[in-house]
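Reviewing the structure listed below.
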Amino acid sequence: MTQKFTLDGVLIPFEDGETVMQAATRAGKFIPHLCYHPEFKPHGSCKLCTVKVNGRQAAACTLHVSSGMVVENNTEELNAERRALTQMLFVEGNHFCPSCEKSGNCQLQATAYHLGMMSPHYDHFFPSRPVDASHADFFIDFNRCILCSLCVRASRDVDKKNIFALSGRGIKTHLIVNAASGRLADTDFSLADKAAQVCPVGVILHKRQGFAVPIGERTYDKAAISAQHEPIAEEALK
Amino acid sequence: MTSQLETAQHPERLRRVAIDPVSRVEGHGKVTILLDEHNKVHQVRLHIVEFRGFEKFIQGRPYWEVPVMVQRLCGICPVSHHLAASKAMDIIVGVKKLTPTAEKLRRLMHYGQMLQSHALHFFHLSSPDLLFGFDSDVTRRNIVGVAMAHPEIARQGVLLRKFGQEVIRITSGKRIHGTSAVPGGMNKSLSIAERDELLKDIYQIVAWSRDAVQLIKKVHIQDPGLYNSFGTFRSNYMSIVGHNGDLDFYHGKLRARDDNGQIIFDGVDYQHYDRYLEEEVKSWTYMKFPFISALGKEQGWYKVGPLARVQNCNQISTPFAEHERKEFVDYAGGAPMHAPLAYHWTRMIEMLHAAEEIKNLLHDDDLLGNDLMATPGERQWEGVGVIEAPRGTLFHHYRVDENDMVTMANLIVSTTNNNQAMNEAVRNVAHRYLHGREVTDGLLNHIEVAIRAFDPCLSCATHALGKMPLEVELVDPEGRQIDALRRA
């Protein structure tokens, strides 16, 4: 790897075809993200990984690196924008961290801590989103969905089941279950599915596990999200 | 036992004095007093003006989330809600008996909470009244005033509470709102290092707890004319009692006695509490009025908490606390003590018992085990968890559907059990001290002293070192303000 680009003033090696996110992650540099997962094709939707390249903004998960590229990542300007995006995600759904079993293992919560988010700032939408508890082993709490589409991609591309989808447009976009009834119980979703493992927040949850992991031993109790290696979501679910 | 002062015949012609909010208690409440033109008291009510709604919004949530969510009811004794809900969910997952390690860890957490909550109430909230007098200078009638006049007492109070908080942190993961009790057991074991951290201080804690009992006993006995009669009313009383009738904060059977100490019911499995207790709703407060069904709502109300527990049990299993219980019973002369200010004395006996129980548990090898979860049994659809919280008997009752979602929740919290009793105490004090007299700040504090004796938790976290804004307005029969008194 003789090719290099500059990330926050540091020379980072990369291979042909790599994105900024891939090269940075391999070099141990953290770029905040929610919809990116190393095992899936980038989606570029959450915009948390927005970086500045030669003065222009781009998503690090979709932008291929080229030699000599100068990338700004950990700047106050970019982090302020990421913080605002994160705050919007919090107010669009119903994220009650104090009673959420994903707390301490949640990528959204960990990212908010990383970005120094001290309050939601914006008015809460308080949407009404009934949960789906119909499945014997899984529970879907739509209140916490951030539309990262990782479950959609995992079910479609890995499990070949196409159980989840994003429906609606714009602000009305929402996660649905592909069954005539709309209920998870009426699909062949199972424990072994990749889609059962990838949710970065507390939407797709194994039933009856709850608070099995004590405070102090949860994923982000041990180290901040910026200090953790990928893939985060899988570790969090173990 | 029905108060004549609950509802005035012609309130429209009376002037209204309000203590809003009541200070140095947990949460928000207010007292309204209706007086005629001769300052004679016609109506006194303690209103709870907060509406929390937990029973509603827990519906539709998974049962395993409940012990963590409902503890957010309170920041002072969340462990009580955490454990009562966990006990209910133990039933739901078919676990009738926890592993020895899990039960002892839960008990340790609970005793830690009992210690910190009782210390907080006695030293931080009530000792200013007891040490300086009910109508003493308001500027020093707070914990800072205690720290200046009695630095060693204040120091011990702060450190007793701190120790209790450390017990909670080590057993639950956090000082406030931990997550360790889960349906069927615990998620966290205790390391040798953690146990030793607590062991190094526990003997001092027991000693200070003994001193605290001596302090309140001395204060009480020195002025029997005041302490035995202030706000005193007779009532039934209830608590759970443990094996062999022991004082037990964590588990037992329901026992209720009448005002003479005669048993009303005993050995009642709390899974069937709703066959013995009912709740009445009144339009002027958000807090319900529980009563013993067999006696009806006029005669069936009761008190709970330390004064009820210490007199309801047969004995206390730890020696220092048992010695103090016997002294208390002897002082009462063989009949039940009903004086609200005796709550302080019995509260300190309980704190001593909690300290002794913590010491015993820290020497129990079971506590260091790793067998934390019992094997789930047959899934149940309904469960009741009851615990003796610092302020009294706490009921959590849930129904859970086939998809694991909660469909019904009924919580009867300790302070709710004491609702009528607190109202009676307030009416008694108002009649004795305010009737026919000009209202002053010191006289109004007498009302608050009576409420504080019960250590009510009106919700969570409102203390401001005695500087809670308190505004009293005197309004003439036409509604015009004729006088106002403001504490800021």
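A few comments on the model shown:
- On Cα atoms only, tilt of A:76-92 relative to the major axis of chain A in degrees: 10 degrees
- Rounded to whole Å, sorted largest first: equivalent-ellipsoid semi-axes of the protein assembly as shown, Cα gyration tensor: 53, 29, 26
- Separation between Cα centres of the range B:284-319 and the range A:107-166, rounded to whole Å: 46 Å
- Nonlocal amide H pairs with B:GLU382, under 5 Å, H built at 1.01 Å: B:VAL400
- Shielding by partners for peptide B:79-90, expressed as the average number of C-beta atoms from other protein chains within 10 Å of each residue's C-beta, is 0.
- Scanning chain B for DSSP H helices at least 24 Å long along the axis (C-alpha atoms) with a Kyte-Doolittle mean no lower than 1.6 picks out nothing.
- Under 5 Å from the amide H of A:THR50 lie the amide H atoms of A:ALA60, each residue being 5 or more positions distant or on a separate chain, with H modelled from the backbone and absent for Pro and chain starts.
- Per-residue [θ]222 nm for chain A (sum of -39500 (n - 2.57) over DSSP H runs n ≥ 4, rounded to 500): -5000 deg cm²/dmol
- Residues B:VAL281 and B:ARG432, FRET efficiency given R0 of 25 Å [Cβ-Cβ distance, rounded to 0.05]: 0.30
- Members of A:LYS102/B:LYS253; A:LYS222/B:LYS56; B:LYS253/B:LYS359; B:LYS97/B:LYS297; B:LYS87/B:LYS303; A:LYS47/A:LYS194 lying beyond 31 Å, as alpha-carbon distances in this model show: A:LYS102/B:LYS253; A:LYS222/B:LYS56; B:LYS97/B:LYS297
- Anisotropy class assigned to the range B:59-417 is oblate, per the alpha carbon gyration tensor with a/c at or over the 1.5 cut-off and a/b no larger than b/c.
- Each Lys or Arg adds one and each Asp or Glu subtracts one; over the other residues with Cβ under 12 Å from the Cβ of A:SER67, this totals -2.
- Taking the square roots of 5 times each eigenvalue of the Cα gyration tensor of the range B:146-252, largest first, gives ellipsoid semi-axes of 32, 23, 13 Å.
- Residue by residue along A:209-221, Cβ atoms of other protein chains within 10 Å of the local Cβ number 5 on average.
- Extension gain, A:VAL91 back to A:LYS222 (0.36 nm per residue minus Cα-Cα distance, nm): 44.4 nm
Coordinate-derived values only; no laboratory data. Being a predicted model, the structure only gives us computed values, none of them experimental. Because the Cβ atoms are built from the backbone with ideal geometry, glycine has one as well, and the counts that use them run over all protein chains shown.
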